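Here the structure is laid out as structure tokens; the discussion comes afterwards.
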Amino acid sequence: MTESFLERVANDMLEASEKLVNGVEEGLAILFSSESQTAEETPPPQSVAEEWDDETMAEEFVLQSSSPLSGIAESVMGNILQGQQTPQTFMEHFHAFRYAITWSEPFVIGLIAFQAIMLLLTLWVSRKNQSLAPRVILMLLILGLVRLAERWNELGARHWRSFATQNYFDRHGIFVSIMLCAPLLFDSLIMMILFLREASQLLVEVKAAQIKRKQKAAKKQSKKDQ
């Protein structure tokens, strides 16, 4: 595909250069013929007018002959600009998302505050001496919020004028996924990691207690045998 495109560009350039040379030759021939005619004719104003007309025609012909090159350049630049209109890398997408949000409006600030509260609750219920019930309740709450994310996105798209300055709720749900679901899933991941860590520590303590009991039982048995 690239080779065919380059071949087409080369052929267009050769064709345009040939047209340009032919146009220059015809223009020079017209100019020389007009000069010879003006030398024979007496009224100079008419020769000057003819000379300017011939030059104008030659310039227009040259401009028309170079149109394939200009068309190719315009198409290539159009493709380049079209490719640069949308973000390409992860950082470009991140900056585009960051600049698209009005971070100072109350809705966004409230959403960030809600995520901060949920993170603090996650850390609080995941303490070592905390019972299992608060963790289960918070996990079910997170599961319900994430499960209803599509519904939240539809409601936000309908009523965004009542609480936001712009419509953040597109049909793909990008804003809801990033600002609502992703932090909540991160909280649940923290909760699971801390729970597994606590479970592994309890398992180690239980195994250590079993080993101690076996050692005590072995000592008692050895004393009885003596």
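The values are calculated or read from the model by the stated rules, or taken from the named source; none is laboratory data. Bear in mind the structure is a predicted one, so any value in this text is a computation, not a measurement. Here the Cβ positions follow ideal geometry from the backbone for every residue, glycine too, while neighbour counts run over all protein chains shown.
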**Request:** Consider only pairs whose beta carbons are under 9 Å apart and that are at least six residues apart or on different chains; among these, list those whose first residue lies in the range 120-133 and is surrounded by 11 or more Cβ atoms within 10 Å (Cβ to Cβ) and whose second residue is polar (S, T, N, Q) and not in a helix (DSSP H, G or I).
**Result:** 124/130; 125/131
**Fill in**
Over the range 160-196, the set of residues charged (D, E, K, R) and at pLDDT 90 or above is 161, 187
**Request:** Determine if the range 199-217 includes at least one residue that is in contact with a helix residue (DSSP H, G or I) (Cβ under 6 Å, 6 or more places away or on another chain) and in a helix (DSSP H, G or I).
**Result:** no
**Prompt:** Assuming residue 169 fulfils every condition listed in (1) in contact with a helix residue (DSSP H, G or I) (Cβ under 8 Å, 6 or more places away or on another chain); (2) over 20 Å from residue 145 (Cα atoms); (3) hydrophobic (A, V, I, L, M, F, W, C) apart from one, which condition is it?
**Reply:** (2)
**Fill in**
Here the qualifying pairs (Cβ atoms under 7 Å; residues six or more apart or on different chains; first in the range 157-182 and free of Cβ contacts under 8 Å to residues at least 40 places away in the same chain and farther than 27 Å from residue 140 by Cβ; second in a helix (DSSP H, G or I) and of a type outside the set (Asp, Glu)) come out as 167/157; 167/160
**Item:** Search result, residues across the range 116-158 that are hydroxyl-bearing (Ser, Thr, Tyr) and modelled with pLDDT under 90
**Value:** 126, 131
